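Notes follow once the structure below has been shown.
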Amino acid sequence: MTTPAQSKPIFQPNRAFAKEARIKNMCEYNDLQQWAHEDYEGFWGHFAREKLTWSKPFTKVLDESKAPFYRWFDGGELNVSVQCIDRHLDSRKNKAAIIFEGDRGDKQIITYLELYYNVNRFANLLKNEFNVQKGDRVVIYMPMIPEAAYAMLACARIGAIHSIVFGGFSAEALKDRIEDAQAKLVITADGAYRKSKPYMLKNVVDEALSVGAASVQKVLVVQRNFEDVTWVGGRDYSYNELVVSQSPVCEPTPMQSEEPLFLLYTSGSTGKPKGVQHNSAGYILWAQMTMEWVFDVKENDTYWCTADVGWITGHTYIVYGPLAMGATTIMFEGVPTYPDAGRPWKMVEEYKINQFYTAPTAIRVLHKTGENEPAKYDLSSLKVLGTVGEPIDPPAWKWYYEAVGGSKCAIVDTYWQTETGGHVVSPLPGATPIKPACATLPLPGIIGEILDPMTGEKVGAGESGYMCITRPWPSMIRGIWGDPERFVKSYFGDVKQNGKGVYFTGDGANYDEDGYITITGRVDDVINVSGHRMGTAEVEAACKKHPNVAEVAVVGRPHDIKGESIFAYIVLKGEDTMGEEVEMVKEINKVIQKEIGNIALCDDIVFVPGLPKTRSGKIMRRILRSIAKGEAITQDISTLEDPSIVATIEKKVKG
Ligand code: WT7
């Protein structure tokens, strides 16, 4: 499909900023990219030696012999907690590593030396009291408190594989993830605060363990003095009580480059969530390099990413990336609009934050509910603003640039995924001329190309294609836990070059006349709700758990704040249910809440007498998507099993 390449306004990097930046101009960018193209292994080998602290040097940069099961930096050994802590102690022991701000405004500063002792004690606790060994899986179900970071780094220190489950997931969803990973320990907290109200996390763990998750032997609970917490003797242990007697020194376990660091479950277009596996050396290398290049954090800067550690953004850009480079990272428990939509700007002023990284959905909420809030605060410390998670729309971009950034900050629109480990397409704040709502160019070392899925060839300017990465890169997904076939099929099955599968992201994209990349969104059955990925198959499976639901099809619908919202078409069992629709909507959403969590609730549920299907029984989602968007149907419907159903559904949706 050809659409005319649109010219967008261009914003040049701030000159004073560029002078001090790590990558200062497009010449330097081009040189790096050329180096990677001409000597790929030389490029990566150089940075792996320069950036990482190895206990044993690697002997091979890249092993492609078992593609797509690529191996990086074989022969080498290191420990990720050493990258993030120990090696900074000489020069930064009294520097703030983590600044915590709680939902209710409580504050805590943790220096690198304190982080070292806290993580070591935590690691000893896991080893000595819970017999956690290298390779064991540990599920972390925690609020945004410093102990969540300690838990991650403690696992890394002893070679245990952490799997964080976002605190908004339900007991069922938690159980499924524990079972898939066969975790032996769950680390949680008694509760969290959200808009000053308690949210009881441990209760959810109790519920998950009461319905399954038999692999779990013990539960470790960080106590924050919430009341009415039930305790199961012999299973539940208090972190606060046990940690004090642990030695503050724990030898890091040497990890081979390709030994796993963590699993993180994410939605795919089909089936259950997949346990995306990241390994030690490659992941931490790119986490650090992108922190340095894309945010250009300086020694005395304070950096804030508003994500939750339950998502990949929190892993790479709250914990691993900032700490690997020795930066000061903010951890914020609250929500950006509480107590009012000035909260983030108040924090920027107070902590003199230099880099601020958030999602378009948050920008839209802050814009809509607090358009004039930024002007009330001193935001002059800001240098770089980041966005992530979904395409940002031009009005939100403009407000972010002008009202928040004072028209002097670079906006880095960072495109990446759980599977890529770190950014892959993004502007560099001191080098890349920026166009609003455009992820611009692949980062140095990333061979990102938009390909025609039929031919595997690069598309021309203005043509739509599939966003692919045609060479392996160090922080790429290493596998789907327990399912190597699904890994190959999910990522290397759709686009081929010279008969060989290349990594396909699942996103559509196009080049403009300058070769800049604009990401247009998922081309598979994945919905992006407020920057969170939701598989339509998962939501459909949840709906089907309701006894009255016969058939269901779920699609995404554009939404002002969330980007996309979830829209379900449901065929009920039995005939005369029409009078009970309002009740049924509530009931079905209740089932979704129980099966997945609030993040998967449907904004629209429409009851229809049937779904548009081909004669072979395949549901034509594209038609349903068009109807949900209120678009005219352009597809040929004559080949449907029952073409008249389309008009019936349209009528129902228009109401
Ligand atoms: C999907 C990945 C990467 C961390 C947060 C989400 C979409 C991400 C952008 C962007 C347009 C984006 C893509 C991608 N996405 N960043 N800057 N512009 N789309 O991680 O849950 O793994 O989701 O988010 O569709 O595939 P995730």
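The values are calculated or read from the model by the stated rules, or taken from the named source; none is laboratory data. Values in this document were obtained by computation on a predicted structure and should not be read as measured data. Neighbour counts are summed over all protein chains in view; Cβ atoms, including those assigned to glycine, are modelled from backbone coordinates with ideal geometry. Keep in mind that these areas ignore ligands, DNA and RNA; they rest on the heavy atoms of the full protein, side chains included. Shrake-Rupley method; radii C 1.70, N 1.55, O 1.52, S 1.80 Å.
For the reader, a short list of remarks on this structure follows.
- Tally, over segment 26-64, of residues that are in contact with a helix residue (DSSP H, G or I) (Cβ under 7 Å, 6 or more places away or on another chain), open to solvent by less than 60 Å² (accessible area, probe 1.4 Å) and either acidic (Asp, Glu) or within 17 Å of Pro442 (Cα to Cα) (or both): 2
- Residue match in segment 268-276 (condition: within 26 Å of Pro143 (Cα to Cα) and more than 14 Å from the ligand (Cβ to nearest atom)): yes
- Any hit, segment 619-630, residues being farther than 27 Å from Ile588 by Cα and open to solvent by 70 Å² or more (accessible area, probe 1.4 Å): no
- Test: residue in segment 571-592 that is surrounded by 15 or more Cβ atoms within 10 Å (Cβ to Cβ), within 16 Å of the ligand (Cβ to nearest atom) and under 25 Å from the mean Cα position of the chain (by Cα): no
- When the strands (runs of 3 or more DSSP E) confined to segment 503-564 are screened for residues that are open to solvent by 50 Å² or more (accessible area, probe 1.4 Å) and at positive phi, none reaches at least 3 such residues.
- Thr290 being β-branched (Val, Ile, Thr), within 16 Å of the ligand (Cβ to nearest atom) and closer than 28 Å to Gly597 by Cα: no
Rundown of residues vs (1) modelled with pLDDT of 95 or more; (2) of a type outside the set (Val, Ile, Thr); (3) touching a Lys or Arg at 6+ places or on another chain (Cβ under 8 Å), yes/no style:
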| residue | (1), (2), (3) |
| --- | --- |
| Val412 | yes, no, no |
| Pro427 | yes, yes, no |
| Gly430 | yes, yes, yes |
| Ile434 | yes, no, no |
| Leu443 | yes, yes, no |
| Pro453 | yes, yes, no |
| Ile469 | yes, no, no |
| Lys496 | yes, yes, no |
| Tyr511 | yes, yes, no |
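- Residue within segment 418-427 that is surrounded by fewer than 22 Cβ atoms within 10 Å (Cβ to Cβ) and within 24 Å of the chain's Cα centre (by Cα) present: yes
- Yes/no for Ile284 being touching a Cys at 6+ places or on another chain (Cβ under 6 Å) and either modelled with pLDDT of 95 or more or under 25 Å from Gly167 (Cβ atoms) (or both): no
- Residues (among the hydroxyl-bearing types (Ser, Thr, Tyr) and without any contact (Cβ under 8 Å) to a residue 24 or more places away in the chain) located in segment 606-625: Ser616
- Those residues of segment 528-550 which are within 16 Å of the ligand (Cβ to nearest atom) and more than 17 Å from Ile619 (Cα to Cα), in sequence order: Asn528, Val529, Ser530, Gly531, His532, Arg533, Met534
- Subset of segment 493-509 (residues that are closer than 14 Å to Ser269 by Cα and within 16 Å of the ligand (Cβ to nearest atom)): Asp494, Phe504, Thr505, Gly506, Asp507
- Any chance Glu333 is among the acidic types (Asp, Glu) and over 23 Å from the mean Cα position of the chain (by Cα): no
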